[in-house]
Amino acid sequence: MEENKFQIADYIIFGAMLLISAAIGVYYACAGGKQRTNREFLMADRSMRSLPVALSVLASFFSASTLLGTPAEIYEYGIQYWISVFGAMLAPLTGAFLFGPIFFNLKIVSVYEYLELRFHSKSVRLFAAALFILRLIMGMGIVLYGPSTALGAVTGFPVWVIILIVGGVCTFYTTLGGMKAVIWTDVFQTIVMFAGMLAVFIQGCIKVGGLDEMWNINYQGGRINFFNFDPDPHVRQTFWSLTVGIYFVWLYPYTVDQQMVQRFSSARSLKDARFALICNVPGMFLLITLCSLTGLAMYANYVTCDPLKNHDVANPNQLLPHFVMEVFEDLPGLPGLFVACMFSGALSSVSSMLNSLAAVTWEDFLKLRFGHLSESNATKITRALAFLFGLLGIGMAFAVKEMGGTVLQASLTFNGSAGAPLVGVFILGACFTSSNWIGALVGGLLGFVFPMWGGIGKYVSPPQNFKLPTSTLGCNSNDTSVQDVIMSSDYLSNQTQPALEGVDQLYGISYLWFSALGVLITVCVGLIVSWFTKGQTEKVGKVPDHLKLKMWENLCMCLCFPPGIIEKEQKKEQLREQLKNVPPILYSHREKRSSVLYLQPPDATIEVTINNNDSNGV
């Protein structure tokens with residue numbers, strides 16, 4: 001690739017995106033309460049409307065890893081990854097109607113405070129908070145490094161310089177403007193993300209001859225492979241892993257993730273918060289569909305000459321930037337829009353991570369020791385924490401350079417493995433009243449160790465090759481047709497997978513299943529350990545209703561008990577509710593000839609005296 005392909009218009013557009021993001025941070029540092037309290041800095045004063053919250057959540061969870069990785073995934077493995085949109089869309093609905101209302105009504109800053117309230121244990125709370133911090137520190141490195149390689153590929157700038165500049169801007173506006181700056185920059189960056197990806201897809205279709213031609217080329221090249229019902233968990237992508245497996249991958253971000261809960265709780269009402277998550281359903285569908293179609297457009301343009309095989313790019317993460325520079329060759333400014341799109345995804349994700357890391361570190365760790373500090377001093381500490389985590393995230397981006405594979409796989413593998421035990425622990429608390437803190441802690445530890453072990457093993461073991469064939473037949477010729485490529489011997493050659501033996505059978509499991517396995521292990525082990533240590537449950541008593549998922553409880557009743565028993569239990573519950581407001585009656589016998597009848601509360605006492613000598617006297 002040629003270096004310094006950016007033109008002045010591209011630098012202007014990209015620079016404008018960074019300046020607007022920084023300006024939003026400066027504005028909210030000076031507006032309103034000037035971020036003087038943690039309520040404003042971490043929770044946006046609980047005053048946000050549904051639309052900005054919806055766009056902020058969408059931007060935070062669809063980072064540059066998705067924007068870069070999804071088209072590369074489609075290019076190499078086919079359109080089947082698009083099926084994941086149906087499993088992914090169930091996650092926001094789960095958060096909106098099940099877990100989200102619990103946290104909103106509790107009015108907590110850190111979601112892990114719920115675990116202490118439910119299990120009466122600081123150990124479970126601190127374990128979950130530490131796991132969250134570990135996950136986000138790794139995540140910051142991934143989402144910063146991905147777009148930095150993209151910009152480095154199209155401009156020739158050193159990647160380390162780009163990481164420092166972009167990471168510094170993100171840390172600057174997050175530290176100054178707090179949650180309001182994070183949310184409103186996310187709104188702006190979401191618009192840039194959609195505009196950039198839409199421009200790339202449209203121009204890619206035009207270059208290849210239209211939407212119909214693009215689809216036909218992909219069909220001939222075997223990329224239109226929607227459904228694979230193979231039950232083998234070792235196959236990289238199947239219908240089952242892309243629906244069930246991907247649901248568990250997205251379940252953590254949209255249900256019990258601190259980033260989501262902070263935004264959910266920053267809404268001015270539960271109705272606004274719930275509607276914000278529901279709006280993510282069409283948002284997810286549009287963004288994943290747009291990224292998938294961009295991958296098809298990329299393959300249609302490179303069907304006769306694969307840039308990877310021809311060594312035009314070093315890795316799959318650079319495929320999309322390389323494609324952009326070619327299709328926008330004669331359109332100055334649009335490459336800048338694309339790079340701004342990539343970094344909008346990165347900035348929105350990292351800023352959200354920094355704010356949430358500061359919140360959890362203060363609320364779950366430092367506040368236990370420094371809770372006596374004034375509100376202004378506590379806010380200064382959370383600002384300093386956001387700044388320090390920004391520096392740490394920049395350092396992690398350099399470590400990610402040593403990892404192989406696409407950034408999409410890296411993101412899903414590590415985030416899913418670390419998020420799975422957290423989902424499992426919250427499911428134990430909200431759905432199973434018999435679970436206790438020992439079961440939650442042991443289950444969470446094993447639920448973290450197993451998928452993380454498997455995920456790391458997947459990187460160090462010999463990889464399985466499920467990539468679809470590509471060709472370089474037309475790299476040195478302009479007359480090569482699609483038919484020539486499809487019929488060539490190297491394109492038709494079948495690749496056989498090596499037999500997996502021993503521990504490689506574990507490492508060979510598709511990366512999409514590790515989250516589901518982590519959740520399942522956490523819940524099953526947690527219930528078993530809780531049963532063996534049930535004395536701990538008896539000590540703390542009944543779980544309050546506001547800490548339980550009533551919908552789950554009703555579902556279990558329907559599955560486990562006949563209709564007659566259910567109806568009887570419902571009538572008993574209704575009677576208990578009716579009797580709650582009836583004051584108790586206490587009868588005490590003082591002497592033979594008199595008695596006193598008390599109705600509580602004490603200020604409504606009536607004394608009745610019965611005299612046997614005078615039956616008319618009362």
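The values are calculated or read from the model by the stated rules, or taken from the named source; none is laboratory data. Please read all numbers here as calculations on a predicted model, not as lab measurements. Note: ideal-geometry Cβ built from the backbone for every residue, glycine included; neighbour counts use all protein chains shown. Just the protein is used for accessible areas: all its heavy atoms, side chains included, with ligands, DNA and RNA removed. Shrake-Rupley method; radii C 1.70, N 1.55, O 1.52, S 1.80 Å.
In the range 292-390, Cα pairs under 8 Å separated by at least six residues give a relative contact order of 20 percent.
Among the listed pairs Lys271/Lys542; Lys367/Lys534; Lys107/Lys534; Lys107/Lys380, give every one whose C-alpha distance is greater than 25 Å. Lys271/Lys542; Lys367/Lys534; Lys107/Lys534, as the Cα separations exceed 25 Å there.
How much length is gained if the chain between Asp312 and Leu270 is pulled fully straight, taking 0.36 nm per residue apart and subtracting their Cα-Cα distance, in nm to one decimal?
Working: separation 42, 0.36 × 42 = 15.12 nm, distance 5.12 nm.
Stretched out fully, the Asp312 to Leu270 stretch lengthens by 10.0 nm.
At a probe radius of 1.4 angstrom, the accessible area of the range 239-382 per residue rounds to 30 square angstrom.
Counting only protein heavy atoms and a probe of 1.4 Å, the accessible surface of the range 42-180 is 70% carbon and sulfur. Note: relative contact order over the range 76-208, using C-alpha pairs below 8 Å and six or more positions apart, is 8 percent. Listed peptides 309-322, 513-526, 40-53 appear in the order 513-526, 40-53, 309-322 once ranked by packing, highest mean of other Cβ atoms within 10 Å at the front. Surface composition of the range 419-470: carbon plus sulfur atoms hold 78% of the accessible area, using a 1.4 angstrom probe and ignoring ligands, DNA and RNA. The H on the amide N of Met48, modeled in the peptide plane, is under 5 Å from the matching H of Ala267, Arg268, each at least 5 residues off or on a different chain. Within the accessible surface of the range 206-347, defined with a 1.4 Å probe on protein heavy atoms only, the carbon and sulfur portion equals 62 percent.
Rolling a 1.4 Å probe across the protein heavy atoms gives the range 1-102 an accessible surface of 35 Å² per residue.
Ordering 441-450, 293-302 by mean Cβ neighbour count within 10 Å, with the highest value first, yields 293-302, 441-450.
What are the semi-axes of the equivalent ellipsoid for the range 206-246, taken as the square roots of 5 times the Cα gyration tensor eigenvalues, largest first, in whole Å?
29, 10, 7
Per-residue Karplus couplings for the range 12-17, computed as 6.51 cos²θ - 1.76 cosθ + 1.60 with θ equal to phi - 60°, are listed in order as 5, 5, 5, x, 4, 4 Hz, Gly and Pro entered as x. The Cα atoms of the range 215-341 give a gyration tensor whose axes a ≥ b ≥ c have a/c of 1.5 or more with a/b no greater than b/c, which makes the shape oblate. Highest mean packing first, where packing is the average number of other Cβ atoms within 10 Å per residue, the peptides 430-437, 17-24, 336-343 line up as 336-343, 430-437, 17-24. Computed from backbone phi, the HN-Hα couplings of the range 75-90 come to 4, 8, 10, x, 6, 4, 4, 4, 4, 4, 4, 6, x, 5, 5, 6 Hz, rounded to whole numbers (Karplus: 6.51 cos²θ - 1.76 cosθ + 1.60, θ = phi - 60°; Gly and Pro given as x).
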